[in-house]
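The values are calculated or read from the model by the stated rules, or taken from the named source; none is laboratory data. Remember, predicted model here, so these are calculated numbers, not experimental data. Every residue, glycine among them, receives a Cβ derived from its backbone with ideal geometry; neighbour counts consider all protein chains shown. Ligands, DNA and RNA are stripped out before the accessible areas are found, and what is left, the full protein with its side chains, is counted by its heavy atoms. Shrake-Rupley method; radii C 1.70, N 1.55, O 1.52, S 1.80 Å.
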Amino acid sequence: MKYNRLGSAGIKVSEVSFGSWLTFGPQLDLAQIKACMKVAFDHGVNFFDNAEAYAEGEAETLMGQALADYRREDLVLSTKLFWGGKGPNDIGLSWKHLVEGTKASLKRLRVEAVDLLFCHRPDPNVPMEEVVRAMDVLVRQGHAYYWGTSEWSAVEIMEAHLVARELGAIPPVVEQPQYNLFVRERVEKEYQPIYRRFGMGTTIWSPLASGILSGKYNDGVPKGSRLDRIDWLRARLDEAKIKKARAFGELAKELGASSAELAIAWCLANPHVSTVILGASNPTQLRQNLGAVEHRSKLTPEVLARIDRIMA
Ligand code: NDP
């Protein structure tokens, strides 16, 4: 396993990591979570991602119980704040919710601090000064070691940095964007200035586009799969994506890799990706996806160009 710094920050994250969205709680109980986390950890994964919104806090509660098996120093833990409940002050990035949400997450996770604390979305209803000051205080008070953004535009991230500079506050060091063969623009183009000017790292999500890039939907929607269970995600599946996933699968086969392995290896080939957050609903998927690191050398310039043509 390779460990990357998060951009210019000192902390090191395993190049592949493990997340809990839609799986911890609804699909995986504590015993299964422990089994998956052990598979990940034994492969060298040190970074585990969570959010207050996942299974309405249950994903953090379950991960918190599973963490008892590990030495805290061996782990990089994150959580994300934005959707903390139904009340007007349970949502968004107000100072009040950022502090209350963080305290509740830490309690569920049973830790004194997370390593990375993300603002899960930008909040146009809260002044940037308020968000930056609140995150600065949370870091200075020891509730988190670094803070970051998730799905913020480059302009919003830049504004956060400029405000932090003005206030003498701690700026964000990491962004958590979606990045996969279907969603590339932001990570490859829009964020270039924030890598260059601010040394931001990225912890990228949905490397398989919710499983589509594993090829599992090429011949219909399997019963019990994510897209079978979740209507709004299924609505995004169309013929064009399936056609691309099929052609990509052919290429993967030719290279001696599974579609999932090649799709994840492709994410790893981007030098601005600090870690690829894997999702898996069982240990077998996770083992397969962790194997992606072995296929990185197959992504020669010629193969990358063929992939671009398939996805065009
Ligand atoms: P993926 O795109 O990799 O999708 C994972 C899902 O695809 C699995 O749960 C499983 O679903 C299916 N799958 C995975 N591997 C295989 C395989 N080898 N063969 C067949 N099916 C497979 O990642 P996620 O969308 O789960 O995102 C990863 C993590 O990123 C999340 O857990 C979360 O931590 C983070 N995230 C962050 C977001 C943000 O806004 N910041 C948003 C979304 C995710 P199934 O078996 O049920 O079909």
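For this structure, a couple of remarks:
- Region 291-312: number of residues that are in contact (Cβ under 8 Å) with a residue 24 or more places away in the chain and closer than 28 Å to His43 by Cα: 11
- Residue ID - surrounded by the fewest Cβ atoms within 10 Å (Cβ to Cβ), chosen from residues in region 199-212 that are under 14 Å from Leu262 (Cβ atoms) and within 7 Å of the ligand (Cβ to nearest atom): Ala209
- Number of residues in region 226-241 that are touching a residue at least 24 places away in the same chain (Cβ under 8 Å) and buried (at least 16 other Cβ atoms within 10 Å of the Cβ) equals 3.
- Criterion (open to solvent by less than 70 Å² (accessible area, probe 1.4 Å), closer than 24 Å to Gly142 by Cα and of a type outside the set (Asp, Glu)) met by exactly one of Ala66, Ala35: Ala66
- Among (1) open to solvent by 40 Å² or more (accessible area, probe 1.4 Å); (2) of a type outside the set (Val, Ile, Thr); (3) within 15 Å of the ligand (Cβ to nearest atom); (4) under 21 Å from Asn289 (Cα atoms), the one test that Phe41 misses: (3)
- If you go through region 147-164 and keep only what is of a type outside the set (Gly, Ala, Ser) and either at pLDDT below 95 or touching a helix residue (DSSP H, G or I) at 6+ places or on another chain (Cβ under 6 Å) (or both), you end up with Trp147, Thr149, Ile157, Glu159, His161, Val163.
- Listed by first and then second residue, the pairs linking a residue in region 148-159 that is more than 10 Å from the ligand (Cβ to nearest atom) and open to solvent by 40 Å² or more (accessible area, probe 1.4 Å) to a residue that is assigned to a helix (DSSP H, G or I) and not small (Gly, Ala, Ser), with Cβ atoms under 8 Å apart and 6 or more places separating them unless they lie on different chains, are Glu156/Met128; Met158/Pro193; Met158/Ile194; Met158/Arg197; Met158/Phe198; Glu159/Met128.
- Count of region 7-38 residues which are away from the ligand (no atom under 15 Å from the Cβ), under 19 Å from Thr275 (Cβ atoms) and touching a Leu at 6+ places or on another chain (Cβ under 9 Å): 2
- Looking only at region 1-27, and only at residues there that are in contact with a helix residue (DSSP H, G or I) (Cβ under 7 Å, 6 or more places away or on another chain) and crowded, with 24+ Cβ neighbours inside 10 Å, the one that is nearest to Gln285 (Cα to Cα): Phe18
- Taking region 212-312 as the region of interest, the helices (runs of 4 or more DSSP H) fully inside it that hold 2 or more residues being within 17 Å of the chain's Cα centre (by Cα), under 30 Å from Pro193 (Cβ atoms) and not aliphatic (A, V, I, L, M) are 259-268.
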